[in-house]
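Take a look at the structure below.
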Amino acid sequence: MRVDNHIILGKDERKETIEIKVDGKTIQAKKGEMIIAALMANGIRINRYTVKKKEPRGIFCGIGQCTDCVMVVNGKPNVRTCVTPVEDGMIIETQYGVERGNR
Amino acid sequence: MIEKEVVVIGGGPSGFSAAVEAAKRGAEVLVVDENLRAGGQLFKQIHKFFGSSTHQAGVRGIDIASELLEQARECGVEVWLNSVVVGLFKEKKVTIKKTLADNSEKLEIIQAKKIVIATGASENAVRFKGWTLPGVMGAGAAQTMINVNRVLPGKRILMIGSGNVGLIVSNQLLQAGAEVVGVIEAAPQIGGYGVHAAKIRRAGVPIYTSHTIQEARGKKNVEKAVICEVNDKWQPIRGTEKILEVDTITIAAGLKPLIELAMMHDCKCSFIPQLGGWVPLHDKNMESTNPGIYLVGDVAGVEEANTALEEGRLAGTAIAETLKYISLGNARKLKKEIWQRLNELRMGPFGEKRMLAKNNILTAYKI
Amino acid sequence: MVLRKMGYLTKEELVNSNCYPAEERFNKGSVAIIECTEEIPCNPCETACKFKAIKIGKPITNIPILDENLCIGCGMCIAKCPGLAIFIVDKTYSNKEGLISFPHEYLPLPVTGSIVKAVNREGKVVSSGKVIKVLNKKGFDRTPVITITVPKEKLDEVRGIKRLESEDSKQFYSRE
């Protein structure tokens, strides 16, 4: 859910949207926002699954320090989605384990 | 190797106020920050600050941030964003992984005359069954999502911790349109200011003192939280469990200074729980046990934005003095005024523990 | 103190801390109530009042003291308090009703003339109220101040309104 209007921050003036793909599904994102913001706005809260127990993980620190939010972005694993901005046509995949092929 | 007079590591309130004080007197200052945007945590503080009306009390943190960055621009402070200081080597060599305009990365080594470590602090975790579920996050993460990213991290939130961060972020979650189902606090009394608590109580948010979280339940996401009462030995009391329907659990259990770079350069540290944990020692000029290396803001002890701004000013002034950009006399006068304001900010029942802890740092430094 | 444990003040605590105007002063008209009882370094309320009715002095941790005779209940201080702890009460509005003005930093803001649920310091609905005024001046720096009428006997209790749902009210407020 996006905060379109806010008593202190005012109206969200960002109008430009781009499209990104998350696990094959196309979603709308606001230009320049962090990947995690676009995901959350579209109700996606799971970023990855752990190696051994295959447990889901999502955002924890939000400022790029804990790596709980990493996903595979344009083929590259371990990208911190909370500090990486979206780009038009970006391909984002839920990360399984610590590298791409580790399902 | 590049040479710079002053390198400030960390572009938050303490780093930038140090940069401004030094730069406005003629020093060559570079601020390095790993984020895409400068300002540290200040741009998340949408509430009005307390403090002295002669020093921006009543102004929102976000506006203080904009003004500070504007001052830095006017003083000619150089800023490298999206650049991480990966190492601090003897003597005063700063290794930076710099991201250039075309998004390529370059390793730069800077020989600095003076360094200001303003790396801030990181949130503590509280571990409980189910804490790894998506939906459990730091209160700071929730604050970043709502105030910077303008996205709700969830709709029904349980806040753990009733210090000022817990109380303030709870209110900000309400302002963003979420429902805060409750604030829990393990201690028998509320940690933060009465006025912050009163604000959320008026808004209908219950505060459960002497309560802790037992479990977060859910298949792949937080769906429920189990809280329970604790006795005076902080132990859970059987039979007092309450189940709350929440989708998000935010943790506001304190912060700890990010001291890695200070340690790399052998700055002596001391364990001071009142200031967040291991804290590098500093003197009255905010200089560490390593001459020429200064520490300001939360890294020098977790306090608040106002003290961070003043400590930054103190170090910046001290640096300008040692680099001979201002006279000893002027420096003494300016530093005295800053110390008066710092002491004022540390007065009262909420500040006195920090005041004592900070005095202990100064004493330990001399040993 | 109840505040430390429960997170809200009682009228008794306020009276005992000298933070509550005397009943005779209420009978003369609008007056400010500064519900701030803890020593925190903070003094914007002092400079906010152009009638110099609020005194803190030095050190700035002093609890603000209101000079009831200098205070005319104009409400300029409400938006200036970072703790959102100042209220204006007028017990002389009419025979049966009084006015309470309070800060309200939430959207949606209510519409003038609408009926709202008035809450006490615990957030419990204790009465209904009618919105008389919604001010969101530039000088308030985004702290809107709402004035509502409530039954007189509720004036020592009511300190806000239940936050409105987005569907409840039109998102209309004006900046003056």
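The values are calculated or read from the model by the stated rules, or taken from the named source; none is laboratory data. As the structure is a prediction and not an experimental result, all values here were calculated from the model. Cβ sites come from the backbone with ideal geometry, for glycine too, and all protein chains shown count toward neighbours.
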Problem - Number of the exception - B:Y294 against (1) crowded, with 24+ Cβ neighbours inside 10 Å; (2) part of a helix (DSSP H, G or I) - result: (2)
Handout entry: Count - residues of the stretch C:74-92 that are over 16 Å from C:P144 (Cα atoms) and either modelled with pLDDT under 95 or crowded, with 19+ Cβ neighbours inside 10 Å (or both)
Key = 3
Exercise for the section: With the condition kept exactly as written, say whether any residue in the stretch A:21-41 is of a type outside the set (V, I, T), over 27 Å from B:K44 (Cα atoms) and surrounded by 20 or more Cβ atoms within 10 Å (Cβ to Cβ). Expected result: no
Handout entry: The listed residue being in contact (Cβ under 8 Å) with a residue 60 or more places away in the chain, assigned to a strand (DSSP E or B) and not charged (D, E, K, R), out of C:F102, C:F87
Key = C:F87
Handout entry: Matching residues, the stretch B:99-121, being modelled with pLDDT under 95 and touching an Asp or Glu at 6+ places or on another chain (Cβ under 9 Å)
Key = B:T99
Handout entry: Cβ-Cβ under 7 Å pairs, at least 6 apart or on other chains, the stretch B:66-78 side assigned by TED's automatic domain parsing to the domain that holds B:I9, far side assigned to a loop (DSSP other than H, G, I, E, B)
Key = B:L69/B:A38; B:L69/B:G39; B:C75/B:K24
Problem - Residue check, C:L155 under 24 Å from B:R60 (Cβ atoms), of a type in the set (A, V, I, L, M) and at pLDDT 95 or above - result: no
Fill in the blank from the handout: Residue hits (the stretch B:190-231; among the charged types (D, E, K, R) and within 14 Å of chain C (Cβ to nearest Cβ)) are B:K199, B:R201, B:R202, B:E229
Exercise for the section: Looking for whichever is under 27 Å from B:V59 (Cα atoms), among the basic types (K, R) and in the same structural domain as C:S17 (by TED's automatic domain parsing) here; the options are C:K137, C:K80. Which one fits? Expected result: C:K80
Practice task
Kindly indicate the residue of the stretch C:25-78 that is facing chain B (nearest Cβ under 9 Å), of a type outside the set (V, I, T) and part of a loop (DSSP other than H, G, I, E, B) and also farthest from B:N164 (Cα to Cα) among those meeting that condition.
Solution key: C:K58
Fill in the blank from the handout: Those residues of the stretch B:137-185 which are in contact (Cβ under 8 Å) with a residue 60 or more places away in the chain, within 23 Å of B:N306 (Cβ to Cβ) and β-branched (V, I, T) amount to B:T144, B:V148, B:V165, B:I168, B:V169
Handout entry: Qualifying residues in the stretch A:47-84 (those that are assigned to a strand (DSSP E or B) and at the interface with another protein chain (Cβ under 7 Å from one of its Cβ atoms)) - the one surrounded by the fewest Cβ atoms within 10 Å (Cβ to Cβ)
Key = A:P56
Handout entry: Test: residue in the stretch B:304-322 that is assigned to a strand (DSSP E or B) and surrounded by 24 or more Cβ atoms within 10 Å (Cβ to Cβ)
Key = no
Handout entry: Top-ranked residue in the stretch C:88-106 [being within 14 Å of another protein chain (Cβ to nearest Cβ) and in contact with a helix residue (DSSP H, G or I) (Cβ under 7 Å, 6 or more places away or on another chain); ranked as farthest from B:Q175 (Cα to Cα)]
Key = C:E105
Practice task
Take B:A178 and decide whether it is more than 8 Å from chain A (Cβ to nearest Cβ) and either surrounded by fewer than 24 Cβ atoms within 10 Å (Cβ to Cβ) or charged (D, E, K, R) (or both).
Solution key: yes
Exercise for the section: Among the numbered conditions (1) out of contact with any Asp or Glu (no Cβ under 6 Å at 6 or more places or on another chain); (2) closer than 27 Å to B:V31 by Cβ; (3) not in a loop (DSSP other than H, G, I, E, B); (4) not aliphatic (A, V, I, L, M), tell me where B:G166 comes up short. Expected result: (2)
Practice task
Filter the stretch A:26-41 down to residues that are closer than 16 Å to A:V73 by Cβ and in a loop (DSSP other than H, G, I, E, B) and give me whichever is farthest from the other protein chains (Cβ to nearest Cβ).
Solution key: A:G32
Handout entry: Residue list for the stretch B:214-246, filter: of a type in the set (A, V, I, L, M) and over 17 Å from B:R156 (Cβ atoms)
Key = B:V230, B:I237
Exercise for the section: Report, ordered by the first and then the second residue, all pairs with beta carbons closer than 6 Å, sequence separation of six or more or different chains, a first member in the stretch A:1-18 that is more than 7 Å from every other protein chain (Cβ to nearest Cβ), and a second member that is surrounded by fewer than 18 Cβ atoms within 10 Å (Cβ to Cβ) and among the charged types (D, E, K, R). Expected result: A:D4/A:D12; A:E16/A:K31; A:I18/A:K31; A:I18/A:D88
Exercise for the section: Scan the stretch B:235-260 residue by residue and report those that are touching a residue at least 24 places away in the same chain (Cβ under 8 Å), part of a loop (DSSP other than H, G, I, E, B) and under 15 Å from B:E185 (Cα atoms). Expected result: B:E241, B:A252, B:A253, B:G254
Exercise for the section: Report whether or not A:K21 is more than 9 Å from chain B (Cβ to nearest Cβ), under 30 Å from B:G61 (Cβ atoms) and touching a residue at least 24 places away in the same chain (Cβ under 8 Å). Expected result: no
